[in-house]
Each structure stands twice: as structure tokens, then as C-alpha cells.
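Participant: Structure in C-alpha cells, see below.
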Amino acid sequence: MRERSAAERIRDFQEVPLGYTPEQAIEEAKRCIQCKNPKCVGGCPVEIDITGFLKFVAEGDFASAAEKIKETNALPAICGRVCPQEDQCEKECILGVKGEPVAIGSLERFVADWERESSPRPSTRYARSGHPSPSKMERGMNFDDSRKKGVRIAVVGSGPAGLTCAGDLARLGYQVTIFESLHVTGGVLTYGIPEFRLPKAIVNLEVEYVKSLGVEIKTDMLVGNVYTIEELLKEYKAVFIGSGAGLPKFMNIPGENLDGVYSANEYLFRVNMMKAWQFPEYLTPVKIGKRVAVVGGGNVAMDSARVSLRLGAEEVTILYRRTHDEMPARKEEIERAVEEGIVFKILTLPIKYHANNEGWVSEAECIQMELGEPDSSGRRRPVEIPNSNFKIPIDTVIVAIGNSPNPLVPHRTPNLKTEKWGGVIVTAAGLTSIPGVYAGGDIVRGAATVISAMGDGKVAAKAIHSFLGPTK
Amino acid sequence: MFKIIKKEKLNESVTRLIVEAPHIARAARPGNFVVVIPAENAERIPLTIADADKERGTISIIFQIVGATTRVLDSLKVGDEIAHLLGPLGVPSHIAKYGTVVVIGGGVGIAEIYPAVKALKSAGNKVIAIIGARCKDLLIFEKELRTESSELKITTDDGTCGRKGFVSDELKDLIASGEKIDLVIAVGPVPMMKVCCDVTKAHNIRTVVSLNPLILDATGMCGICRVTVGGKTKFACVEGPEFDGHEVDFKELTERLKAYKDVEKRADEHVCRLLSNG
């Protein structure tokens with residue numbers, strides 16, 4: 001796919017890839033050999049009929065391709081951008097054995113963008129073909145509209161898990177209310193992923209689409225504090241908890257509470273959610289300094305580093321305790337970060353931050369690491385090299401070493417069982433320890449992917465539907 | 001949503017708003033706070049719920065104009081709507097029968113002690129309130145606290161009302177007088193809370209402070225509100241805002257409160273320009 005040059009893109013928050021032209025999309029889709037038993041579909045957490053939609057793209061029938069995707073995935077413009085396809089559908093593609101797999105992710109993105117641009121209003125998007133085609137799920141469940149009218153379901157959180165669950169339930173005829181604690185919808189899609197990787201206009205459109213299905217969204221509503229889960233169960237027949245992995249991890253090293261040390265959540269929240277990059281038109285500030293150090297090797301670390309460049313930092317360094325091979329970030333994101341001039345200091349672990357006279361962080365004291373034996377994750381364990389301490393001058397530190405499930409709802413819901421590390425315990429169907437209460441996404445998995453959260457939302461919607469008594 | 005029912009200037013820089021928010025009023029308890037976003041482009045700022053009326057479905061918030069966002073909030077009129085209001089937040093105050101409780105409020109913190117004083121009194125405590133401000137004109141809630149407390153003591157820096165001096169002077173004298181104190185609660189500027197804690201620590205009197213760190217999401221997601229208590233990092237927004245004052249690292253809190261002072265001025269100038277242009 002075509003991309004904007006690094007020199008051009010680091011000056012703004014616009015997207016990096018430019019997307020396919022229709023001709024390019026058709027050409028790429030024609031590469032699909034239409035396997036009888038397509039492995040790619042098994043690699044997709046929401047089981048999109050990939051060969052089906054690729055066939056329509058190859059024929060130039062983009063509208064039908066879009067409908068095909070939407071049978072199982074309500075948020076294709078988002079998934080086409082942020083799914084790790086290289087570890088999912090594209091990894092399974094048979095063409096990948098000898099050469100390049102079909103660029104399924106880029107094609108999904110193309111189809112979603114084409115649909116949006118040719119019919120921008122979500123409520124009319126399905127009118128084109130007369131009627132929304134019933135999804136696989138609806139057909140499989142003997143969708144019965146009249147019986148579900150007035151049956152109310154509460155969804156906690158408007159991130160990818162909540163939106164998907166709410167959308168599927170609404171399409172089954174339920175009356176769904178989403179409770180969102182923040183003032184803007186979208187969860188991590190809004191506060192976490194930066195504009196240049198996922199434009200907020202696209203998130204808004206997908207949210208509008210879910211609303212057009214009849215879902216009500218109440219913002220500024222912190223479930224747990226305003227209403228407990230028990231209270232919700234008095235008004236709603238079932239509850240789905242998709243409250244995400246909002247709790248930032250810190251390393252608990254000296255100096256981590258100095259001014260100038262951000263959690264990635266705080267940093268990205270200021271920029272993405274509060275639009276601090278438009279300060280002072282938007283009143284929330286962010287202070288970035290000239291030299292930024294980002295601690296961590298995941299997508300959030302790459303996002304934080306690349307945001308820093310765009311905010312005018314002169315030197316942005318990723319500090320990572322293992323090597324490039326062990327970085328959990330998507331290859332594509334690491335490559336883009338490298339192209340944009342992010343410096344990677346691998347095998348480097350910060351152990352202490354020092355302050356200047358004003359109490360602001362000024363140096364990161366680090367220790368050199370080497371790789372030892374593989375650990376439980378299969379990655380080689382980083383081991384400290386004794387007496388290898390060195391200092392890096394910095395103005396800002398962004399700690400991007402991961403997030404844990406948001407403890408707020410579990411804390412206020414005594415019967416809700418959780419793992420030691422905070423994840424809500426669920427069955428394969430997404431049922432928690434409380435009857436009628438389901439959960440999915442990062443509140444269950446810890447920080448995982450958008451698409452797995454969506455998959456969980458779908459599974460839970462289906463389970464809620466059968467819990468409430470589907471027709472015989 | 002969040003319509004302003006009543007607006008009242010308590011003094012030159014402190015305003016009280018009564019706002020429609022039935023779901024918050026219903027769940028609010030003493031010690032809870034709300035996040036206020038007065039306009040779509042404004043910051044998320046924390047304000048203590050000074051009072052909640054469950055029947056009318058309203059809450060009362062009191063704030064001092066200290067920067068851009070509070071200035072925007074103060075520009076709203078009766079009938080206007082606050083863009084966003086989130087709450088109730090934080091862990092509520094632990095209200096129980098302790099015996100004698102001294103509740104200290106400084107500056108705009110006086111408004112914040114009001115719900116605690118009321119609740120502690122009805123829980124059967126002897127509640128001695130000590131309030132202080134720079135001068136008489138900046139004192140708020142004098143009448144309400146006189147009614148609700150067992151005893152009210154006032155200090156001003158310049159002596160224009162009550163005793164000339166600080167709330168901590170009054171606290172020292174109270175201790176010296178032999179009054180048996182079971183709990184002290186102190187809410188106000190950081191230096192005031194710190195001095196009160198120093199006084200009580202010497203006499204081993206349990207002291208609870210309500211901290212006011214910077215806040216962003218206020219739901220435990222960002223960590224800007226982290227404070228060190230007993231050597232451990234806590235998120236004040238979800239684990240506080242009340243903590244054991246003898247364990248709080250006030251020096252770190254003071255540093256962290258300064259983090260954005262310089263840029264905040266720019267935001268305030270921007271807002272002043274906008275407001276003066278009407």
C-alpha cells in the first residue's frame with residue numbers, strides 16, 4: 001500500500017498509509033486463489049468470510065464486499081487499520097507459504113473506506129441494497145423481533161468489546177444501553193490509539209452506526225460508582241462488562257513520580273482524548289520537552305514515541321530491555337517508527353530517574369542487559385549485566401510497559417470473581433461468576449487486541465441471547 | 001443534563017453552583033468528588049461534592065477561580081448546562097462514631113469539610129470545626145458550619161475575623177487545653193495540611209487529609225494523581241482522596257502540583273481573551 005513519506009508525516013497527525021486505489025484493490029484481491037477450505041477464516045477472531053468478500057472485491061463489487069464483511073464484523077474500517085493481520089488471517093494464507101500472503105487487512109480497510117466515502121451516513125448505508133441482509137448469527141438464531149422488544153440489556157464501556165456486543169444485541173432486537181465513563185465514546189479506540197493510526201472520524205462513524213441500530217449511549221456514567229452491577233440487574237435482563245484494561249503499570253523504581261514522567265495512558269489521553277496537541281484552543285496541556293524516552297516495546301510504546309515526534313520532540317528514544325526480535329509491537333509499527341527517526345536503545349532497562357533543580361526529570365539511569373534462557377513466554381529472559389549503569393539525559397519519560405484490567409467495577413462488585421492479576425474470570429461463553437453478567441475484551445484478557453475484544457463481544461452477545469431464551 | 005439551577009458568589013473568587021444531576025445526587029456520599037468539564041474544549045477538573053439533594057436531584061459544587069477551566073466554569077450562568085459532569089468519584093469519607101473529631105478547613109477547603117461535619121455530627125460525634133482564610137472576606141460557610149458543628153473556631157491571617165493566625169495555632173491550643181481528640185480531618189492547601197499533620201503527629205492523634213493532586217480521567221486510568229503514602233504509590237482518584245496524613249509525602253505532592261503551572265498561564269490568558277471578546 002502507498003504511504004506518506006516519513007519526513008512529511010511526522011509534521012502532522014494524518015494517517016500514514018494512503019490506501020489502495022480501486023484498481024490496486026481488484027488486482028490484489030485477484031491474487032486470492034479462493035481455497036475450498038480457507039484457512040484465513042480460522043485465523044480471524046470474528047470469522048469474516050474472507051474468500052467471500054475478496055471474490056466481490058476481485059469482481060469490483062465493493063458494495064457486496066462490504067456487506068459480506070459486515071455479516072460478522074461491524075467495525076471493518078477500524079479492524080482494517082489496527083488488527084495484527086500478520087498474526088491472524090494473513091498468517092494462515094496459503095500464498096504466504098511460498099511468497100506474500102494476500103493483503104487481507106489492507107483490502108478490508110479499502111472496502112470499509114470505499115463504503116464510507118460512497119455513503120457517508122451510517123443510517124443509510126444499508127438502505128442501498130433495500131434491506132440489511134440478516135447476519136449469519138441472526139439466521140442461525142431464528143431472530144424473533146417481537147419477543148425481544150423491550151428487553152433491556154446494559155453494556156459497560158463503549159470500547160470495541162462493548163460496541164460489538166451492543167451492536168449484535170441491537171440487531172437481535174434487544175434494547176441496549178451503553179454506559180461509558182468518559183465524556184467521549186470509543187474507549188481505547190479514542191483515548192489510546194492516535195489519530196495517525198486510527199482517525200477519530202472513523203471511530204465516530206462506527207459509533208454512530210451502532211447508535212443507528214437503536215443502541216443508546218450514556219456518557220459520563222461510571223458504573224460501579226453511579227450504579228452497581230447489582231442495581232443494573234434490577235433494570236436490565238443482562239449486563240455485559242467491557243470496561244477495558246485501563247490501569248497503567250509502573251516499574252516502581254526511584255524517581256518514577258517526578259514531574260515529566262507520564263504513564264502512556266496519561267500521555268495518550270491528554271493528546272488523543274483531550275486534544276492537548278491543539279493547546280490552548282483545547283485547555284488541557286501536555287509538556288513534551290526536547291528529549292523523550294519511551295519505556296517499552298509494544299504498540300503503545302511505538303504510538304507514544306511517534307506522537308512525541310509529532311508534538312515537536314527533537315530526539316525520541318525507545319528503551320527496551322530485550323531486543324527487536326522480542327518486541328511485542330507490530331512489525332509494521334516498528335518499521336514506521338524506525339523510518340520516522342525514533343532511536344531504539346535495546347537491552348536497556350531504566351532503574352532510576354534523576355531530577356533537575358526544579359524537580360523535573362532530567363536523567364534516566366539505565367542498566368545494560370543481555371539475553372539469557374527463555375522464560376515462560378518463550379522469549380529469552382533479559383538479565384542485568386552487573387556494573388553496567390549509564391545515564392541518558394532526558395526531559396520526558398513515557399512509561400509504556402502495559403496495562404492491567406480496570407479494577408473499578410470488580411472492586412465494587414463483591415461477587416465478581418477475578419484472577420490474581422485482575423482479569424475477570426469468564427466461561428468460554430463470556431459468563432462471569434454472576435448469573436446474567438457477562439464480560440469480554442481487555443477486562444478479561446488484560447491488554448490484548450481490538451479484534452479479540454470484538455470477538456468476545458460477539459460471543460457474549462450470542463450467549464446473552466441464548467440465556468434470555470431463544471426461540472425453539 | 002447538568003443544568004445550573006443556582007449560582008452564588010461566596011466571595012470575590014469563590015462560586016457555588018447548584019447543578020441538576022439526579023444520578024450523582026442519588027449516589028453521592030460525604031467525601032466524594034465529581035469531574036467537571038464546563039465546555040467541550042475545557043479540562044477535566046475535580047471538585048468536591050459540597051452537598052447533595054436527593055429529592056431535588058441536585059448537587060452543589062464550590063470552586064475558586066484559579067485558572068482557565070475554573071474561569072470558563074464561572075462564566076456559565078443560571079440555566080446554562082455544564083458540558084460534562086462525572087461522579088460520584090473517590091472513596092467516601094469513613095463516617096463513624098469516633099468521639100471528638102476536629103475538622104479543619106482552609107480557604108476553599110472549608111466548603112469541602114461541610115458534608116463531613118454534618119455526617120460526623122449526626123453519627124454522634126462532638127465535632128469541633130476550625131476554619132481559616134487569609135482575611136474575613138474570603139471566609140465561607142461560617143453560618144452553615146456554626147449550625148452544624150458542636151463548636152466553631154475561626155482564624156484569619158490578618159486578624160479581620162476570629163483569631164489572627166493559622167488554623168494550626170488553634171489546633172495546637174486545643175490540644176494544649178487537654179481536649180481529648182480522637183480524630184483530626186484537615187482539608188485545604190498542602191502547606192496547611194502538612195503543618196496540621198506535623199502538630200498531630202507529635203501527639204499521636206490520627207489525622208486524615210483530603211488530597212488535591214492533579215486529575216485527568218479520575219477513574220484510575222492515567223496515574224497523574226499518584227501520591228506516595230507510607231512509601232507506596234497510590235492513585236488518589238480511586239484510592240483516595242482521603243489518606244492517613246502522617247504517611248503522605250507532602251514534598252512530592254507539592255512538586256507534582258507545580259508540573260503545569262507555566263503552561264496553565266497560557267491557557268488562562270487564552271480564556272481571558274475569549275471571554276473579554278464576548
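The values are calculated or read from the model by the stated rules, or taken from the named source; none is laboratory data. A quick note: this is a predicted structure, and the numbers were derived from the prediction, not measured. We place every Cβ from the backbone using ideal geometry, glycine too, and count neighbours over all the protein chains shown. Ligands, DNA and RNA are excluded from the accessible area calculation, which covers all protein heavy atoms including side chains. Shrake-Rupley method; radii C 1.70, N 1.55, O 1.52, S 1.80 Å.
Participant: Highest GNM mean-square fluctuation, chain B, Cα pairs closer than 10 Å: which of B:Ala176, B:Ala129, B:Ala96?
Facilitator: Result: B:Ala176 has the largest fluctuation of those listed.
Participant: Please identify, among B:Leu145, B:Leu76, B:Leu89, the residue showing maximal mean-square fluctuation in a Gaussian network model of chain B using a 10 angstrom Cα cutoff.
Facilitator: B:Leu76
Participant: Sticking with this structure for a sec: How big is the antiparallel share of DSSP beta bridges in chain A, given as a percent to the nearest 5? All intermediate terms of the calculation are to be shown ahead of the outcome.
Facilitator: Numbers: 20 of 51 bridges.
So the antiparallel bridges amount to about 40 percent of the total.
Participant: Leaving out ligands, DNA and RNA but keeping every protein chain, what accessible area does B:Leu274 have, in Å² rounded to the nearest 10, with a 1.4 Å probe?
Facilitator: Only protein atoms counted, so the area is about 100 Å².
Participant: What FRET efficiency comes out for B:Arg266 versus A:Lys39 if R0 is 56 angstrom and r is the Cβ-Cβ distance? Round to the nearest 0.05. Working shown, then result.
Facilitator: Working: r = 56 Å, r/R0 = 1.00.
The calculated FRET efficiency here is 0.50.
Participant: Sticking with this structure for a sec: Calculate the dipole size of the protein assembly as shown relative to its Cα centre from +1 charges on Lys and Arg beta carbons and -1 charges on Asp and Glu beta carbons; express the result in debye to the nearest 20.
Facilitator: 1380 debye
Participant: Which entries in the list A:Lys39/A:Lys420; A:Lys234/A:Lys417; A:Lys218/B:Lys9; A:Lys249/A:Lys290; B:Lys77/B:Lys121 go over 27 Å, if you measure between the two C-alpha atoms of each?
Facilitator: On the way: A:Lys39/A:Lys420 36 Å; A:Lys234/A:Lys417 20 Å; A:Lys218/B:Lys9 32 Å; A:Lys249/A:Lys290 25 Å; B:Lys77/B:Lys121 34 Å.
Exceeds cut-off: A:Lys39/A:Lys420; A:Lys218/B:Lys9; B:Lys77/B:Lys121.
Participant: FRET efficiency for A:Ala6 and A:Glu281, Cβ-Cβ distance as r, R0 = 41 Å, nearest 0.05?
Facilitator: FRET efficiency, A:Ala6 to A:Glu281: 0.90.
Participant: Just to confirm my numbers, what's the Cα centroid distance between the range B:60-135 and the range A:48-93 in Å?
Facilitator: 54 Å
Participant: Working from Cα positions, state the angle (0 to 90°, nearest 10) between the long axis of helix B:190-202 and the longest principal axis of chain B.
Facilitator: Relative to chain B, helix B:190-202 is tipped by roughly 20 degrees.
Participant: Helix B:109-122 versus the longest principal axis of chain B: what angle, 0 to 90°, nearest 10, using Cα atoms?
Facilitator: Here the helix axis deviates by roughly 60 degrees.
Participant: Rounded to the nearest 0.05, what FRET efficiency is calculated for B:Asp53 and B:Lys258 with R0 set to 35 Å and r the Cβ-Cβ distance? Write out the running numbers ahead of the final one.
Facilitator: Working: r = 37 Å, r/R0 = 1.05.
Between B:Asp53 and B:Lys258 the formula returns 0.45.
Participant: To the nearest 10 degrees, how steeply does helix A:200-212 sit against the main Cα axis of chain A, on a 0 to 90 scale?
Facilitator: 30 degrees
Participant: Any lysines with Cα under 27 Å of the B:Lys126 Cα? List them, leaving off those in the same chain fewer than 8 positions away.
Facilitator: B:Lys54, B:Lys97, B:Lys118, B:Lys136, B:Lys143, B:Lys153, B:Lys164, B:Lys172, B:Lys180, B:Lys194, B:Lys201
Participant: Any chance you could look up the accessible area of A:Tyr20 with a 1.4 Å probe, heavy atoms only, rounded to 10 Å²?
Facilitator: 40 Å²
Participant: Could you work out what % of the accessible surface of the protein assembly as shown is carbon and sulfur, using a 1.4 angstrom probe and leaving DNA, RNA and ligands out of the count?
Facilitator: On the way: 15560 of 30730 Å².
Carbon and sulfur: 51 percent of the exposed surface of the protein assembly as shown.
Participant: May I pose another question? Just the number, please: percent antiparallel of the DSSP beta bridges in the range A:250-401, rounded to the nearest 5. Numbers along the way, then the final one.
Facilitator: Details: 15 of 31 bridges.
DSSP beta bridges in the range A:250-401 are roughly 50 percent antiparallel.
Participant: Here's a follow-up. Below 8 Å, C-alpha to C-alpha, sequence gap of six or more: please give me the relative contact order for the range B:100-210 in percent. It would help to have the intermediate numbers written out before the result.
Facilitator: Values: 220 pairs, mean separation 31.3, N = 111.
Averaging sequence separation for qualifying contacts and normalising by length gives 28 percent for the range B:100-210.
Participant: Could you tell me which GluC sites (Glu not before Pro) in the range A:214-297 are loop residues by DSSP with no more than 15 other beta carbons within 10 angstrom of their beta carbon? Walk me through the numbers on the way to the answer.
Facilitator: Working: sites: A:Glu216, A:Glu230, A:Glu231, A:Glu235, A:Glu256, A:Glu266, A:Glu281; in loops: A:Glu256, A:Glu281.
Counting only loop positions with at most 15 other Cβ atoms within 10 Å, the GluC sites (Glu not before Pro) in the range A:214-297 are A:Glu281.
Participant: Moving on to the next point. Between A:Lys218 and A:Asn357, what length in nm is gained on full extension when 0.36 nm per residue of separation is reduced by their alpha carbon distance? Working shown, then result.
Facilitator: Details: separation 139, 0.36 × 139 = 50.04 nm, distance 4.57 nm.
Stretched out fully, the A:Lys218 to A:Asn357 stretch lengthens by 45.5 nm.
Participant: Average partner chain C-beta neighbours within 10 Å, per residue of B:15-28? Can you show the working numbers first?
Facilitator: On the way: counts 0, 0, 0, 0, 0, 0, 2, 0, 6, 5, 0, 2, 6, 2.
Mean number of neighbouring Cβ atoms from other chains: 2.
Participant: Enter the mean number of other protein chain beta carbons within 10 Å of the beta carbon of each residue in A:217-230, as an integer. Present the calculation step by step, with values, prior to reporting the outcome.
Facilitator: Working: counts 0, 2, 3, 13, 3, 9, 0, 2, 12, 10, 3, 1, 0, 0.
If you average over the peptide's residues, the count of other-chain Cβ atoms is 4.
Participant: May I pose another question? Could you tell me the accessible area of B:Thr228 in Å² (1.4 Å probe, neighbours in place), rounded to the nearest ten?
Facilitator: Solvent-accessible area, nearest 10 Å²: 20 Å².
Participant: Let me ask something else. Show me the trypsin sites (Lys or Arg not before Pro) within the range A:1-40 that DSSP assigns to loop and that have at most 12 other Cβ atoms within 10 Å of their Cβ. Each step should come with its number before you reach the end.
Facilitator: Working: sites: A:Arg2, A:Arg4, A:Arg9, A:Arg11, A:Lys30, A:Arg31, A:Lys36, A:Lys39; in loops: A:Arg2, A:Arg4, A:Arg11, A:Arg31, A:Lys36.
Answer in residue order: A:Arg2, A:Arg11, A:Lys36.
Participant: Return the loop-located GluC sites (Glu not before Pro) in the range A:350-400 (DSSP other than H, G, I, E, B) with at most 12 other Cβ atoms within 10 Å of their own Cβ; answer none if there are none. It would help to have the intermediate numbers written out before the result.
Facilitator: Numbers: sites: A:Glu358, A:Glu363, A:Glu365, A:Glu370, A:Glu384; in loops: A:Glu358.
In loop regions of the range A:350-400 (DSSP not H, G, I, E or B), the sparsely surrounded GluC sites (Glu not before Pro) are A:Glu358.
Participant: Pull up the DSSP beta bridges for chain B and report the antiparallel fraction as a percent, rounded to 5. Spell out each step's value before the answer.
Facilitator: On the way: 33 of 56 bridges.
That works out to approximately 60 percent antiparallel.
Participant: What 222 nm value per residue comes from the helices of the protein assembly as shown, counting each DSSP H run with n ≥ 4 as -39,500 (n - 2.57) and dividing by all residues, nearest 500 deg cm²/dmol? Don't jump to the answer; show the numbers that get you there.
Facilitator: Numbers: 29 runs with 244 residues, N = 750.
Dividing the helical sum by the residues of the protein assembly as shown leaves -9000 deg cm²/dmol.
Participant: Specify the longest stretch of chain B that does not include any exposed loop site, a site being one of the trypsin sites (Lys or Arg not before Pro) with a non-H, G, I, E, B DSSP assignment and at most 11 other Cβ atoms within 10 Å. Please list the in-between numbers first.
Facilitator: Values: sites that count: B:Lys77, B:Lys97, B:Lys180.
With a cap of 11 other Cβ atoms within 10 Å, the longest stretch comes to B:181-278.
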